[in-house]
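Participant: Input: one structure, supplied below.
The values are calculated or read from the model by the stated rules, or taken from the named source; none is laboratory data. If you're wondering where the values come from, they're calculated on a predicted model, not measured in any experiment. We place every Cβ from the backbone using ideal geometry, glycine too, and count neighbours over all the protein chains shown.
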Amino acid sequence: MIHLRRAQYRDILLRPAREALEGPLGKGIRLSFTLNSEDEASMREIAARTAKYTQGSVEGPLATPWNTVDVVGTDPDGYVIVLTTVADRTRTWEQLKKSVRSSDQPVKIGD
């Protein structure tokens, strides 16, 4: 993996494909955008609005072990867009490091 950083929170992570990429044009492309002014409620609204579109798919909002709330959209060509915001702004970096395990996965936030 290659981690390119322009400034804090402006990162690009590049890694080689694990298998041959056949299929949709966007397979393997995942873009993530941080929405600093959003919260869990507004992320729910974003997920609900985008789920109304018949093209592609929407997952979320998802609570991640790394203290974010994410909405993940996949378009018909396979491109993945992740909209993310901080879940708990009071958590410290030390608390976060202690709580995340390598096997942790995002979970759907209940309605």
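Participant: May I ask you to verify whether Ile12 is at pLDDT 85 or above, out of contact with any helix residue (DSSP H, G or I) (no Cβ under 9 Å at 6 or more places or on another chain) and among the aliphatic types (A, V, I, L, M)?
Facilitator: Details: at pLDDT 85 or above: no; out of contact with any helix residue (DSSP H, G or I) (no Cβ under 9 Å at 6 or more places or on another chain): yes; among the aliphatic types (A, V, I, L, M): yes.
The answer is no for Ile12.
Participant: A further question on this structure: Which of the numbered conditions does Ser42 fail, given that it passes all the others? Conditions: (1) of a type in the set (Gly, Ala, Ser); (2) modelled with pLDDT of 90 or more; (3) touching a Gly at 6+ places or on another chain (Cβ under 7 Å).
Facilitator: With (1) of a type in the set (Gly, Ala, Ser); (2) modelled with pLDDT of 90 or more; (3) touching a Gly at 6+ places or on another chain (Cβ under 7 Å) applied to Ser42, the lone miss is (3).
Participant: Would you point out the residue of the range 59-111, among those that are among the aliphatic types (A, V, I, L, M), touching a strand residue (DSSP E or B) at 6+ places or on another chain (Cβ under 6 Å) and at pLDDT below 80, that is farthest from Asp39 (Cα to Cα)?
Facilitator: Val107
Participant: Something else now. Inside the range 31-44, can you point out the residues that are loosely packed, with under 13 Cβ neighbours inside 10 Å and either acidic (Asp, Glu) or under 13 Å from Val80 (Cβ atoms) (or both)? Break it down into steps so the answer makes sense when it comes.
Facilitator: If we filter the range 31-44 for residues that are loosely packed, with under 13 Cβ neighbours inside 10 Å, which is where we start, we get 31, 33, 36-37, 41.
Answer for the range 31-44, where residues must be loosely packed, with under 13 Cβ neighbours inside 10 Å and either acidic (Asp, Glu) or under 13 Å from Val80 (Cβ atoms) (or both): Leu31, Phe33.
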